[in-house]
1. Can you tell me which condition Val123 does not meet? The list is (1) out of contact with any helix residue (DSSP H, G or I) (no Cβ under 9 Å at 6 or more places or on another chain); (2) open to solvent by 50 Å² or more (accessible area, probe 1.4 Å), and all the others hold.
2. Here are some conditions: (1) closer than 21 Å to Asp49 by Cα; (2) loosely packed, with under 13 Cβ neighbours inside 10 Å; (3) hydroxyl-bearing (Ser, Thr, Tyr). Ser187 meets all but one. Which one does it not meet?
3. Has the stretch 136-150 got any residue that is open to solvent by less than 10 Å² (accessible area, probe 1.4 Å), in contact with a helix residue (DSSP H, G or I) (Cβ under 8 Å, 6 or more places away or on another chain), part of a helix (DSSP H, G or I) and aliphatic (A, V, I, L, M)?
4. Give Ala77, Ala84, Ala139 a once-over and let me know the one that is touching a residue at least 24 places away in the same chain (Cβ under 8 Å) and in contact with a Pro (Cβ under 6 Å, 6 or more places away or on another chain).
5. Just to be sure before I move on: is Leu162 buried (at least 19 other Cβ atoms within 10 Å of the Cβ), among the hydrophobic types (A, V, I, L, M, F, W, C) and either at negative phi or within 13 Å of the chain's Cα centre (by Cα) (or both) in the structure I sent?
6. Pull out all pairs, ordered by first then second residue, where Cβ-Cβ is under 8 Å, the residues are six or more apart or on different chains, the first lies in the stretch 25-53 and is touching a residue at least 24 places away in the same chain (Cβ under 8 Å), and the second is among the basic types (Lys, Arg) and part of a strand (DSSP E or B).
7. Pick from the stretch 165-184 the residues that are aliphatic (A, V, I, L, M) and assigned to a loop (DSSP other than H, G, I, E, B): which of them is least open to solvent (accessible area, probe 1.4 Å)?
Amino acid sequence: MTRVLLTAFEPFGGETVNPSQQAAQRLADGPPMDGIELRTAFLPVVFGDAIEALKAAIAEHDPDLVVCAGEAGGRFAVTPERVAVNINDAPFPDNAGRAPVDEPIVEGGPVAYLSTLPVAEIVTALREAGIPAAKSSTAENYVCNNVFYGLMHHIATERPSLVGGFVHVPYVHEQVINRLDPRPSLSLDMITQALRITVETSVAAIDARRPEPSGVAAG
């Protein structure tokens, strides 16, 4: 069994739901995935606190793979992220009222980290399932990027065998139905399927990297 930690965020920015949280909960409550032991954690939309909650969940569940998911309202597609950048720059306050401007996430840390998820393979698998998907090179500079960078720094400094990365999902339909300014959205069923495919594709990539067990020759 491959141990997978799937994280998502609470609602923020005046929204009453977060599709990443809704979809992750559906996966946790749904039928198991073959060969996968899935655990979930829901993170606060608060700079710094979200990273600490993520680290606590990693310590508790000891996963082989971490997939962090978050909402990117306004995007048309599910977007696995390629690059986490060492900067917090909030366009609006987080859920604790914090709004850092041009602050490093880790003082003296690398400028950026690359995801270790199989981003191209995930996008291909999503598109083959009829789900809009695209590679993204920016998780912006809000709490999603804060957690993405925090995860990759934790992997680089504490858990080098851990595979991890971040995926953004669009709004769910209920968030946009009464908006005066039209915004793209996907159904919750499709977002849930997208996270399932992301996890399964990432696990398949991990399995492909594992060495074959060596046989013992008879004497």
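1. Of the numbered conditions (1) out of contact with any helix residue (DSSP H, G or I) (no Cβ under 9 Å at 6 or more places or on another chain); (2) open to solvent by 50 Å² or more (accessible area, probe 1.4 Å), the odd one out for Val123 is (2).
2. Single failed check for Ser187: (1).
3. Checking the stretch 136-150: at least one residue is open to solvent by less than 10 Å² (accessible area, probe 1.4 Å), in contact with a helix residue (DSSP H, G or I) (Cβ under 8 Å, 6 or more places away or on another chain), part of a helix (DSSP H, G or I) and aliphatic (A, V, I, L, M).
4. Criteria check complete, one pass: Ala77.
5. yes
6. What qualifies is Glu37/Arg3; Arg39/Arg3.
7. Result: Ile177.
Condition check ((1) among the polar types (S, T, N, Q); (2) within 17 Å of Ala8 (Cα to Cα); (3) modelled with pLDDT of 95 or more) across all residues:
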{"site": "Val172", "(1), (2), (3)": "no, yes, yes"}
{"site": "Gln193", "(1), (2), (3)": "yes, yes, yes"}
{"site": "Ala204", "(1), (2), (3)": "no, no, yes"}
{"site": "Ala217", "(1), (2), (3)": "no, no, no"}
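The values are calculated or read from the model by the stated rules, or taken from the named source; none is laboratory data. Not measured: the values here are computed from a predicted model. With ideal geometry, Cβ positions are generated from the backbone for all residues, glycine too; neighbour counts draw on all protein chains shown. Only protein heavy atoms, including side chains, enter the accessible area calculation; ligands, DNA and RNA are left aside. Shrake-Rupley method; radii C 1.70, N 1.55, O 1.52, S 1.80 Å.
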